[in-house]
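J.: One structure, as structure tokens, below. Some questions next.
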Amino acid sequence: MVHPLGPIEAPPSLDLLGPQGPEILPLITRPFLVLHRASSLYTARTCLLLLFDLGWEDQLREGTTLDGLCLGLPGQARKPLAWMLPFLVSEGLLRREGRGYALNGAPDLDLAGIRAAVDLEAPGHGVNFDLLDGVRSRIRPFFTEGRAGDSLLFDLALFPLWLAYFRNDNLVYYPNNLLTLLALRQDLAPDTRILELGAGAGSFARLVGQRGAEEGWLPRIAEYRFTDVAPAFLRRAQRALASEVPGLPLAFQALDLNRPLGDQGIAAESVDVIIGINVVHVARNLETALQDLRSRLRGGGRLILGECLKPSLDHPIYLEFFFSFIQSFTDVELDPRWRPMHGFLTPEAWMCALSHAGFRSVESTPPPRPLMDRHPSFNAGAITAWA
């Protein structure tokens, strides 16, 4: 019998996951793999339905180009459309015709069937689809009126869905935190001072507090500085985290990655570990940001980046859909050496950028190749760079 989501990828073999493999492999369960495939398929169908919502079904049936769709739209519409069209080709909903795109037959756009399949094998994860539905329902003024994506996607109606998405019990998001935790836990010395960039909803800090207490290494942390550029996240964390992770020595600070850290009170060589989970890739100038981060680390200190990773820079992954409407994700300075285009990066691009910024060695958890060559949809990793 054909699975309603199509073929479900087999988990990788233990030998591909490196030294931390025994702790990584239990993460990659059948529900995880089903949810990953379902999320990609749901995103693709949501993308195409959004294009239909915008009145472009007839154009796509006849065949059109990126330029044709952008005609008469605000300039900001081009970048998300330039991502959507190749992504829809990769999912089989569109086909390429020279420089153009056309509907590939009569595409299946059923969303309820995807939800039903996930309810059977990975129940309790409807928030991932609720968030996609919410983005589709609210993002049209981005195209039709030129309204900012940030204000549309982070309004009061969608904010609770984002908070539910960035939780450790969400199998789609949890790998980012777990892999980063495994990297942090290695060689964690006494009196370690940690700074987390863009700590957001606080799920990583919660995981540190929980696992650190259970495994006995939490007392090695002398300070955990929780930072974010968004006042709403900082206020929420200050209210909730102290009682939820009482053993974690928390400090809170507003911090903007795109401003010199020294001007914001982070002294040179004052931190042992800097953590950034899916945040440093949005630095406006990646070279400058990485050099600044390195200068804040003590000798031998570590920068640990939990990042979504792409098997190749021109390979769209479904997780980029949410962020393609956000200015900080798309409006960055490009560099042909490591960031020739905006968005998530490849492991090799990170290696190049970190080495250029002066970090003396770089390792990944798990090792990205040949894992990603055999499993291109494995798109999470923790990258550790030593100052």
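J.: How much of the DSSP beta bridge set in the range 174-386 is antiparallel, as a percent to the nearest 5? Can you show the working numbers first?
T.: Values: 13 of 34 bridges.
Of all bridge pairs located within the range 174-386, approximately 40 percent are antiparallel.
J.: Take each complete run of DSSP H in the chain, measure how far its Cα atoms stretch along the helix's own axis, and keep only those covering 30 Å or more with mean Kyte-Doolittle hydropathy at least 0.5; list them.
T.: 30-53
J.: By the gyration tensor of its Cα atoms, with a ≥ b ≥ c the square roots of the eigenvalues, what is the shape of the range 51-160: rounded for a/c under 1.5, prolate for a/b over b/c, or oblate? Working shown, then result.
T.: Working: a/c = 2.54, a/b = 1.20, b/c = 2.11.
Taking the square roots of the gyration eigenvalues as a ≥ b ≥ c, the range 51-160 is oblate.
J.: Still on this structure: Name the chymotrypsin sites (Phe, Trp or Tyr not before Pro) in the range 173-231 that are in a loop by DSSP and that have at most 16 other C-beta atoms within 10 Å, would you? Mind dumping the intermediate values first?
T.: On the way: sites: 173, 204, 217, 224, 226; in loops: 173, 217.
Taking the range 173-231 and a limit of 16 other Cβ atoms within 10 Å, the loop chymotrypsin sites (Phe, Trp or Tyr not before Pro) found are 217.
J.: Could you list 206, 45, 239, 95 so that the one with the fewest beta carbons within 10 Å of its beta carbon is first and the one with the most is last?
T.: 239, 95, 206, 45
J.: Okay, next question. For residue 90 and residue 287 in the same chain, what is the full-extension length gain: residue separation times 0.36 nm, less their Cα-Cα distance, in nm? Can you show the working numbers first?
T.: Numbers: separation 197, 0.36 × 197 = 70.92 nm, distance 3.13 nm.
Residue separation times 0.36 nm, minus the Cα-Cα distance, leaves 67.8 nm.
J.: Restricting to the chain, compute how many DSSP beta bridges are antiparallel as a %, nearest 5.
T.: Of the beta bridges lying entirely in the chain, close to 50 percent run antiparallel.
J.: Let me ask something else about it. Can you tally the net charge around residue 361? Count Lys and Arg as +1, Asp and Glu as -1, for every other residue whose Cβ sits under 14 Å from the Cβ of residue 361.
T.: The answer is +1.
J.: Okay, moving on. How would the chain be classified by its alpha-carbon gyration tensor: rounded, prolate or oblate, with rounded meaning a/c under 1.5 and the a/b versus b/c comparison settling the rest?
T.: Numbers: a/c = 1.69, a/b = 1.49, b/c = 1.13.
Because a/c hits 1.5 or more and a/b exceeds b/c, the chain counts as prolate.
J.: Rank 21, 247, 265 by mean-square fluctuation in a GNM of the chain with C-alpha springs under 10 angstrom and give only the top-ranked residue.
T.: 265
J.: Hey, another quick one. For the residue pair residue 312 and residue 157, what label-to-label distance in nm results when each label sits 7 Å from Cα along the Cα-to-beta-carbon direction?
T.: Going from the residue 312 label point to the residue 157 one covers 4.0 nm.
Laboratory data are not the source of any read-out in this text; all were calculated from the coordinates shown. Since the model is a prediction, treat every value here as computed from it, not as a measurement. A quick note on method: Cβ atoms are made from the backbone with ideal geometry, for glycine too, and the neighbour counts reach across all protein chains shown.
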